[in-house]
Amino acid sequence: MAPAELSIALFWSPTPGELRERQLTLPDGSTVRDALTASAWFDPAQIAALSVGIWGRGAPLDTPLRGQDRVEVYRPLTVDPKEARRQRFQAAGSRIVTRHRPLGRKA
């Protein structure tokens, strides 16, 4: 009987507008760290400092993987999200409201 294998998708955006995708086949019981090492995109010393997640939720490097998982490597933030919103507000000159309940009395 052959050992069980996992099919994993690994995504990384090294720069804005660029997206890399790699399909990996790993042995059952592999972790996020194993997937990053198998990708050959990262130096082993660099892996410990990466911010990663599975299906959009942050995950530690020792998280076991399941079949069809989507492992994502996140870039560090260059601007605080609150500051970015302030800058967009100043550029637009009006209030930015998306999917927001109308102002007024609460129902």
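None of the figures in this text is laboratory data; all of them are computed from the coordinates on show. All figures in this text were calculated on a predicted structure; none of them were measured in a lab. All Cβ positions, glycine included, derive from the backbone under ideal geometry; neighbour counts span all protein chains shown.
How do the peptides 27-38, 10-21 rank, highest first, by the average count of neighbouring beta carbon atoms within 10 Å per residue?
Packing order, densest peptide first, comes out as 27-38, 10-21.
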- Note on the structure: Sorted on mean Cβ neighbours within 10 Å (highest first), peptides 79-90, 50-61 come out as 50-61, 79-90
- Note on the structure: SER7 neighbourhood, Cβ < 14 Å, K/R = +1, D/E = -1, net charge -2
- Distances over 18 Å make up what percent of all Cα-Cα pairs in the stretch 5-77? 29
- Task: Could you work out the local net charge near THR31, counting Lys and Arg as +1, Asp and Glu as -1, over the other residues with Cβ closer than 12 Å to its Cβ?
- Result: -2
- Using unit Cβ charges (K, R positive; D, E negative) and no other charged atoms, how large, in debye to the nearest 20, is the dipole of the stretch 5-77 about its Cα centre? 200
